[in-house]
Structure formats: C-alpha cells, structure tokens
Amino acid sequence: MILRHMPNQQAALDNVFHALADPTRRAVLQRLSGGPASVSELAKPFEMALPSFLQHLQVLETSGLIRSQKAGRVRTCEMEPQPLATAEQWIAEQRALWEGRLDRLEGFLKELQAKENGDGA
C-alpha cells in the first residue's frame with residue numbers, strides 16, 4: 001500500500017530532492033559518508049568562493065541531510081542518514097506502484113493477445 005505523506009513531510013522530501021539535485025552537494029554527502037569533516041576540508045576540492053560553498057552547505061543543512069557544530073573557530077559537518085532513508089522509502093513506494101501498473105498492463109496485453117490468437121484460429 002502506498003503511504004500518503006503529510007504536507008510537512010512532502011516539503012521535507014522536496015527539500016531532500018532539491019539538495020540532491022546538485023552535483024556539489026552530492027559530492028559533499030559522499031565525502032561525509034566517510035565521517036565528519038570541517039567546512040574547510042569539505043570546500044578544498046571545489047573551485048568556488050567560500051561564501052558560495054557555504055550556500056551549498058546551508059541547503060544540505062536545511063534539508064536535514066547534514067548537521068554542523070562549531071568548536072572554537074572550526075565548524076564541523078556530519079551526515080544525517082534519516083532524510084536519505086525517507087527519500088529511499090518514497091522511491092521504493094513509487095517503484096512498487098509503477099511495477100504493479102506495468103504488471104497489470106502486461107497481463108492485459110497478454111490476455112488481449114490470447115483473445116486475438118484464439119479468434120484467428
């Protein structure tokens with residue numbers, strides 16, 4: 001059965017997919033899947049100004065995919081897996097829905113073909 005998401009859950013899911021839509025943000029998540037990292041470590045591989053990079057981190061934080069904490073002058077980010085699990089569940093629900101529809105279509109087409117073959121014999 002397909003679960004209906006509440007409007008606030010739908011907005012959270014929209015934020016996750018928005019965050020995942022950008023290759024820079026996906027690369028940051030991939031790096032954080034190996035463990036926490038400072039903002040400067042995360043920004044190092046990207047050829048962009050720090051304020052631009054911080055905007056990417058803000059999108060990730062708003063979506064709930066990462067969280068950050070500041071200790072002294074160092075801000076450290078770490079990945080939060082729950083929003084990805086929610087997106088994965090939504091994708092699985094959509095896959096099940098469409099596989100069911102395709103299975104029914106296939107059955108209908110086979111039935112139609114069998115009728116045509118039976119009528120022509």
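The values are calculated or read from the model by the stated rules, or taken from the named source; none is laboratory data. Given the structure is predicted, the values throughout are model-derived calculations rather than measurements. Note: ideal-geometry Cβ built from the backbone for every residue, glycine included; neighbour counts use all protein chains shown.
Of note:
Residues checked against (1) among the hydroxyl-bearing types (S, T, Y); (2) closer than 30 Å to R101 by Cα; (3) modelled with pLDDT of 95 or more; (4) not in a helix (DSSP H, G or I):
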| position | (1), (2), (3), (4) |
| --- | --- |
| M1 | no, yes, no, yes |
| R4 | no, yes, no, yes |
| A12 | no, yes, no, no |
| H18 | no, yes, yes, no |
| Q69 | no, no, yes, yes |
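- Scanning segment 72-94 turns up at least one residue that is aromatic (F, W, Y) and under 25 Å from N8 (Cβ atoms).
- If you go through segment 71-114 and keep only what is in contact with a strand residue (DSSP E or B) (Cβ under 9 Å, 6 or more places away or on another chain) and outside any strand (DSSP E or B), you end up with just E80.
- Residues within segment 62-82 that are closer than 17 Å to G34 by Cα and within 19 Å of the chain's Cα centre (by Cα), tallied: 9
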